[in-house]
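S.K.: What follows is a single structure, and I will ask about it in a moment.
The values are calculated or read from the model by the stated rules, or taken from the named source; none is laboratory data. No experiment lies behind these values; they were computed from the predicted model shown. Cβ placement follows ideal geometry from the backbone for every residue including glycine, while neighbour counts extend to all protein chains displayed.
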Amino acid sequence: YRLGRYIGIEPDVSTYAPGRVFDMVDGTFRSSPPLHRRFLPPEDAATVALLSRMTWDNLAAFRFSRNQRNSTLTAILEYYTLHYAALSGLNSLDVMRRLFD
C-alpha cells in the first residue's frame, strides 16, 4: 500500500471523512460519487483510510475479514494500474486466488 508514496501516486488521506467515497482517478475522498465509475463506496473507502494508518508496529491491531482483504487488494491493484500502466499485465493475484479458494 505504501508503495504509492515512492512512485508519486499516494492517496490523499487528509480528505477522508466517514461516509465519503474514494475517487480512484483523483486519489481523494469525496462526499459524493464522481461521474466516472472508478471509485470505492464508503465502506471500502474506510478500509483504504485504515490502511494508511497501519505500520509494522501496530499491524496486529487491525482485523479484516477475508472479503475485506480480497476487495481491498483488488482495489489497490486497480488504483495502481490506473496510475501506473506498467502494472496492467499482472496475473499473479488471479493465480493466487485460484490456488487458495
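S.K.: Which members of segment 49-65 meet the condition of being part of a loop (DSSP other than H, G, I, E, B) and farther than 21 Å from residue 17 by Cα? Reasoning before the result, please.
M.R.: The first filter runs over segment 49-65 and keeps only residues part of a loop (DSSP other than H, G, I, E, B), leaving 54-58, 62-65.
Matches in segment 49-65: 56, 57, 58, 65.
S.K.: For segment 1-25, which residues satisfy the criterion of being over 13 Å from the mean Cα position of the chain (by Cα) and among the β-branched types (Val, Ile, Thr)?
M.R.: 7, 15
S.K.: Just checking, how many residues over segment 4-19 are part of a loop (DSSP other than H, G, I, E, B), more than 10 Å from residue 49 (Cβ to Cβ) and touching a residue at least 12 places away in the same chain (Cβ under 8 Å)?
M.R.: Filtering segment 4-19 down to residues part of a loop (DSSP other than H, G, I, E, B) leaves 8-12, 16-19.
In the following step, the residues that additionally are more than 10 Å from residue 49 (Cβ to Cβ) were identified as 8-10, 12, 19.
In the following step, the residues that additionally are touching a residue at least 12 places away in the same chain (Cβ under 8 Å) were identified as 9-10, 12, 19.
Qualifying residue count, segment 4-19: 4.
S.K.: Go through segment 26-55 and report how many residues are closer than 14 Å to residue 82 by Cα and more than 12 Å from the chain's Cα centre (by Cα).
M.R.: 3
S.K.: When you go through (1) loosely packed, with under 10 Cβ neighbours inside 10 Å; (2) modelled with pLDDT of 85 or more; (3) among the acidic types (Asp, Glu) one by one for residue 94, which number turns out not to apply?
M.R.: (2)
S.K.: Being touching a residue at least 24 places away in the same chain (Cβ under 8 Å), at negative phi and not in a loop (DSSP other than H, G, I, E, B): is that true of residue 78 here?
M.R.: Considered against the rule, which asks whether it is touching a residue at least 24 places away in the same chain (Cβ under 8 Å), at negative phi and not in a loop (DSSP other than H, G, I, E, B), residue 78 comes out as yes.
S.K.: For segment 20-40, check the following and say yes or no: at least one residue is surrounded by 16 or more Cβ atoms within 10 Å (Cβ to Cβ), assigned to a helix (DSSP H, G or I), out of contact with any strand residue (DSSP E or B) (no Cβ under 8 Å at 6 or more places or on another chain) and modelled with pLDDT of 85 or more.
M.R.: The answer is no; no qualifying residue exists.
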